[in-house]
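See below for the structure under consideration.
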Amino acid sequence: MPAPTISPADRKAPEVRPSISYERDQKVWVFQRRWLPGAVEAASTGSVRVRHLVGASATGVDDFIADRVMHRTAEEAIDPQLETA
């Protein structure tokens, strides 16, 4: 399944989950100039900390506000670096 095509600015409020609702190791998409696959490290009322792909073989950890995080199913863009602790 390909990455989402919607811009964070175009997401409607009901589509955006509160950041605190995400759980550790949950699979997500994060928006950083484009949608990238990631896995949740931690969540708070203000942001979600996500381990995500940065390149073909590198990962990074960043904090994202809620409109830049989207649920990802197990079938979408699975990468071993993100699926294992």
Taking the range 30-40 and keeping only residues that are farther than 15 Å from ASP63 by Cβ and within 12 Å of the chain's Cα centre (by Cα), one is left with ARG34, TRP35, PRO37
Note on the range 11-25: residues modelled with pLDDT under 95, of a type outside the set (A, V, I, L, M, F, W, C) and either under 19 Å from VAL54 (Cα atoms) or outside any loop (DSSP other than H, G, I, E, B) (or both) are PRO14, GLU15, ASP25
The residue from VAL30, VAL40 that alone is crowded, with 17+ Cβ neighbours inside 10 Å, in contact with a helix residue (DSSP H, G or I) (Cβ under 9 Å, 6 or more places away or on another chain) and of a type in the set (A, V, I, L, M) is VAL30
Within the range 43-52, of all residues that are over 10 Å from the mean Cα position of the chain (by Cα) and within 23 Å of SER7 (Cβ to Cβ), the one surrounded by the most Cβ atoms within 10 Å (Cβ to Cβ) is ALA43
For the range 35-70, the count of residues that are of a type in the set (A, V, I, L, M, F, W, C), within 14 Å of SER19 (Cβ to Cβ) and either part of a strand (DSSP E or B) or modelled with pLDDT under 95 (or both) equals 8
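The values are calculated or read from the model by the stated rules, or taken from the named source; none is laboratory data. As the structure is a prediction and not an experimental result, all values here were calculated from the model. Every residue, glycine among them, receives a Cβ derived from its backbone with ideal geometry; neighbour counts consider all protein chains shown.
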